[in-house]
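Below: one structure, written as structure tokens.
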Amino acid sequence: MPTVLLIGSGAREHALARTLLQGTPELQLHAAPGNPGIASEGAVMHSISVTDAHAVSELALRINADLVVIGPEVPLMHGVADAVRAANIACFGPDAAAAAIEGSKAFAKDVMTAANVPTAHAYVCSTIEETQAALDAVAAPGVPFVVKEDGLAAGKGVVVTPNRDAALAHARTCIDGGSSVLIEEYLDGPEVSLFFVCDGTNVRALIPAADFKRAFDNDEGPNTGGMGAYAPLRWVPDDLAEHVKETVAQPTIDELARRGTPFIGVLYAGLALTSRGVKVIEFNARFGDPETQVVLALLETALYEVLLSAARGELEALPELQWRSGNAVVVVLAAHGYPGTPRTGDAISGDLESRENSWVLHAGTAMRDDALVTSGGRVLSCVGVGPDLETARERAYERAASMAFDGAFARGDIALGAVSGSGR
């Protein structure tokens with residue numbers, strides 16, 4: 001009976017837990033710290049700090065874990081994977097040095113340049129004067145400015161605006177907070193999320209997905225960590241995953257290995273399908289949220305075997321990944337105030353029962369006096385699957401409508417453009 005320790009507490013981790021257990025029913029799952037949804041799957045919960053590398057490795061040793069799976073980016077930056085591997089336990093998640101591909105956008109740009117990976121030209125700025133010069137250099141009529149905080153920002157450190165003053169104001173906030181910024185050329189075209197499972201040498205592509213970053217319908221409002229997603233994408237080329245593997249993922253993994261920092265885990269590539277070809281918007285060092293919720297909903301191969309093969313450096317021997325036919329959509333229910341300071345402690349009610357074609361994943365939830373309450377910005381992920389995208393979308397929104405908490409809001413247009421043929 002294999003034992004897995006899952007690190008994290010969001011909907012991504014709930015999706016990982018659910019998929020691990022469905023593919024390997026005999027698996028014994030532990031989670032730290034987990035959430036009420038992960039607990040409902042039968043996982044053993046542990047209250048430790050997930051950024052305490054020693055505490056995580058000690059827990060993995062105590063439960064005799066066969067595999068540790070690290071969901072969020074912050075533990076990776078704190079060297080949790082390093083400590084787990086030092087304890088001779090298989091770990092899915094990159095060491096801190098390799099995780100810098102997400103932790104520093106400047107580092108990621110340097111790696112992409114060395115690996116000849118197509119991406120937006122960028123200026124790295126640490127002063128307002130440098131920022132002003134960079135904004136002038138990229139300025140073009142009708143083209144938005146792109147300003148990115150260099151460090152981790154939970155998906156909310158990017159501003160894309162036609163207003164130079166707004167771009168400069170965001171840069172000033174980042175610089176005053178001690179972070180440098182990247183001023184990038186704007187990439188046109190639709191965006192695609194693509195995950196690659198990596199074992200330090202070999203790379204396996206998962207299916208492409210599309211997510212929705214803005215808080216409100218019609219891509220209005222501030223950037224968020226993601227308000228919904230769907231997969232697969234019928235409007236991308238059939239060979240997109242293989243093309244990006246050859247031109248982006250494999251060269252990046254090769255370059256990191258050449259630098260002595262082999263990457264073991266998920267390389268997330270945020271892509272723009274521009275008029276000049278596919279270009280990388282950003283890299284992450286872990287599964288993306290909410291895209292994970294739809295990609296894993298369609299995975300037929302046992303997830304445990306995939307992650308263990310990567311952690312052991314044995315991806316090359318893993319059979320071709322198998323995928324279920326059909327479509328998946330996820331709709332995020334967010335708390336009042338998100339993506340700013342969300343209100344927490346509101347009671348959650350509704351239909352939490354998992355069914356074959358729809359289910360609810362916990363993100364920002366907690367138990368208080370035996371009641372389920374909100375505890376974060378993105379509270380629930382409502383997933384629907386179906387033979388076609390329209391059916392999957394209907395089922396996701398039906399589940400979202402069945403849930404309630406004070407101040408809840410969701411986008412109403414997740415996958416709508418793809419269903420109607422008017423966009424993505």
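The values are calculated or read from the model by the stated rules, or taken from the named source; none is laboratory data. Only a predicted model underlies this, so the values are computations on that prediction, with no experimental measurement involved. No Cβ is skipped: glycine too gets one built from the backbone with ideal geometry, and neighbour counts run over all protein chains shown.
General observations
- Verdict on ASP66 being without any contact (Cβ under 8 Å) to a residue 60 or more places away in the chain and of a type in the set (D, E, K, R): no
- Top-ranked residue of region 118-143 - restricted to ones that are out of contact with any strand residue (DSSP E or B) (no Cβ under 6 Å at 6 or more places or on another chain) and in a loop (DSSP other than H, G, I, E, B), ranked as surrounded by the most Cβ atoms within 10 Å (Cβ to Cβ): SER126
- Inspection of region 185-192 finds a residue satisfying the criterion of being touching a residue at least 24 places away in the same chain (Cβ under 8 Å), hydrophobic (A, V, I, L, M, F, W, C) and part of a loop (DSSP other than H, G, I, E, B).
- Which listed residue is at positive phi and touching a strand residue (DSSP E or B) at 6+ places or on another chain (Cβ under 8 Å), from GLY277, GLY265: GLY265
- Residue under evaluation VAL160, criteria (1) within 23 Å of THR224 (Cβ to Cβ); (2) modelled with pLDDT of 95 or more; (3) not polar (S, T, N, Q), criterion not met: (2)
- Residue check, ALA15 without any contact (Cβ under 8 Å) to a residue 12 or more places away in the chain, more than 14 Å from CYS91 (Cα to Cα) and outside any loop (DSSP other than H, G, I, E, B): no
- Restricting ARG214, ARG204 to residues that are within 25 Å of GLY313 (Cβ to Cβ), within 19 Å of the chain's Cα centre (by Cα) and among the charged types (D, E, K, R) narrows the list to ARG204.
- Scanning region 21-54 for residues that are buried (at least 24 other Cβ atoms within 10 Å of the Cβ) and either touching a residue at least 40 places away in the same chain (Cβ under 8 Å) or of a type in the set (S, T, N, Q) (or both) yields a count of 3.
- PHE107 meets all of the listed conditions (1) surrounded by fewer than 18 Cβ atoms within 10 Å (Cβ to Cβ); (2) over 23 Å from the mean Cα position of the chain (by Cα); (3) in a helix (DSSP H, G or I) but one, namely (2).
- Within region 66-76, the presence of at least one residue that is farther than 23 Å from ASP289 by Cα and either among the charged types (D, E, K, R) or touching a Pro at 6+ places or on another chain (Cβ under 8 Å) (or both) is confirmed.
- Members of region 394-409 found to be touching a Leu at 6+ places or on another chain (Cβ under 8 Å) and surrounded by 24 or more Cβ atoms within 10 Å (Cβ to Cβ), listed by number: ALA400
- Members of region 163-208 that are basic (Lys, Arg) and modelled with pLDDT of 95 or more: ARG204
- Residue in region 269-305 that is nearest to GLU26 (Cα to Cα), counting only those that are of a type in the set (S, T, N, Q) and at pLDDT below 95: THR274
- If the condition is being part of a helix (DSSP H, G or I) and surrounded by 24 or more Cβ atoms within 10 Å (Cβ to Cβ), then region 58-75 contributes ALA60, PRO75.
- Matching residues in region 281-321 - criterion: being among the β-branched types (Val, Ile, Thr) and within 16 Å of the chain's Cα centre (by Cα): ILE281, THR292, VAL294, VAL295
- Matching residues, region 267-294, being buried (at least 24 other Cβ atoms within 10 Å of the Cβ), aliphatic (A, V, I, L, M) and within 16 Å of ALA231 (Cβ to Cβ): ALA269, LEU271, VAL294
- Region 356-365, subset touching a strand residue (DSSP E or B) at 6+ places or on another chain (Cβ under 7 Å) and not in a strand (DSSP E or B), residue farthest from GLY8 (Cα to Cα): ASN357
- Region 366-424, residues that are in a helix (DSSP H, G or I), farther than 10 Å from ALA328 by Cα and touching a residue at least 24 places away in the same chain (Cβ under 8 Å): TYR397, GLU398, ARG399, ALA400, ALA418, VAL419
- Restricting region 121-165 to residues that are closer than 18 Å to ILE281 by Cβ and of a type in the set (Lys, Arg), the residue that is farthest from the chain's Cα centre (by Cα): LYS148
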